[in-house]
Amino acid sequence: MAETTRSVHSQALHSTVVKKVLMALTGLVLIAFLLMHMFGNLKIFIGQEAYNHYAEWLKMDLLYPFLPKGWFIWIFRAVIAACLVIHVYCAAKLWAVSLHGRGSRYVKKKTRDQSLASKIMRWGGLTLLLLLIFHILMFTTGTITPGFTYALHDPYHMFLGAFSVWWVFAVYLIFMIVVCFHVRHGFWSAFTTLGANVGPTARIVLNVLAYFFAALIFVGFILPPFAVLIGLVP
Ligand code: HEM
C-alpha cells in the first residue's frame, strides 16, 4: 500500500517536472520569436520600401530555393503555434494541480512572494492570450481594422494607420507592459527550472539578464507605435 502511494506520488512529481521543463523550453522559443519580431518592426524607421520588402521576404522568400516560395512562413507559424499550445496547456495543468493541492498537508507551504509571482504569471498569461488574439485579428486576418484598410496589402500603411489611432496605441501599451512582466519572471523561472540558478552569482546574472531582456522587448516594441502616434514616422 505504502509502495503504491509512493509510486503515485513520484509519478505526479515526475509529470509536474516534465510540464515545467516543457514550459521553460517553449517559453524560451517564444522569447526568441519576440526578439525577432521586435527587430522586424524596427524596420518601420527605415521607410515604406524597406518595411514592406522585409514583410514580403519573410512571407515569400525566406529559405527559397531550399523551400518552395511561401512555405517558410507556414512552417514558422506551425512551430510558434505548437510552442504556444504546449506552453498554455502545461500552465493550465499546473494551475489545476496547484488549485487541487491547496489546503493539502502534503503540499509545502509556498512563500508569499512565490504565490504572488505565480498569480501574476497566470492572470498575466491569460490577459496576454486575449491581447494576442486581438493582435492576430487585426494584423494577420484583418478582421478588426481601426485606421487602415486591410485589402490594400500594404503592411507599412497598416502599421501607420493603426497606430495613428490613440486607443490602439493604448491597447498595445497595456499589451507590452503585460509582455514585459511575463518575460521578466518567465526568463528567470525558465533558467531556474533548467538548473542554471546554482548559486548567488548565477542568481544575480539571471536577474540582470531577465530585467535586460524584459526592458529591451518593452522599449523595442513600443518605440515604433509611439513614433507613429506622435507623427515621427512619415
Ligand atoms: C507593439 C507591439 C507589436 C506590434 C506593433 C506588432 C506588429 C505586428 C504586425 C504589423 C504584424 C503583421 C505582419 C505582417 O503581416 O506583415 C504582426 C504579426 C504578428 N505578431 Fe505582432 N506586434 C507587436 C507585438 C507582438 C507580441 C507581443 C506578440 C506575441 C506575444 C506578437 C505576435 C505576433 C504574431 C503571432 C503575428 C502573426 C505572424 C504571422 O502572421 O505569421 N506581436 N505583429
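Bear in mind these aren't lab numbers, they're just calculated from the coordinates by the rules spelled out. The structure presented is a predicted model; accordingly, all values stated were derived computationally and were not measured. When we count neighbours, we look across all protein chains shown, and the Cβ atoms used for this are built from the backbone with ideal geometry, even at glycine.
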Read phi for every residue in the stretch 14-28 and hand back ³J(HN,Hα) as whole Hz from Karplus 6.51 cos²θ - 1.76 cosθ + 1.60, θ = phi - 60°, with x for Gly and Pro.
4, 5, 5, 5, 4, 5, 5, 5, 4, 5, 5, 5, 5, x, 5
Any chance you could count the Lys pairs in the stretch 16-229 whose alpha carbons are under 26 Å apart, treating pairs 8 or more apart or on different chains as valid?
20
Ranked packing of 182-190, 222-230, most packed first, by mean Cβ within 10 Å
182-190, 222-230
Mind jotting down a quarter of the surface of the convex hull over the alpha carbons of the stretch 16-229, in square nanometres, one decimal?
14.0
Please name which of HIS157, LEU63, LEU130 has its Cα lying farthest along the dipole of the stretch 16-229 towards the positive end, using unit charges on Cβ (Lys, Arg +1; Asp, Glu -1) and the Cα centre as origin.
LEU130
Explain nothing, just the number: dipole magnitude of the chain about its Cα centre with +1 on each Lys and Arg Cβ and -1 on each Asp and Glu Cβ, in debye rounded to the nearest 20.
1320
Please report the relative contact order for the chain, taking Cα pairs under 8 Å with a sequence separation of at least 6, and give it as a percent rounded to a whole number.
27
For a label point 7 angstrom out from the Cα of PHE226 toward its Cβ, which stretches of the stretch 178-194 have the backbone nitrogen within less than 16 Å?
178-181
With the dipole of the chain worked out from charges on the C-beta (+1 for Lys and Arg, -1 for Asp and Glu) around the Cα centre, which of SER115, PHE39, PHE218 lies farthest toward the positive end?
SER115
Two-site label geometry, ALA82 and PHE33: point separation in nm, points 7 Å out along Cα→Cβ
1.2
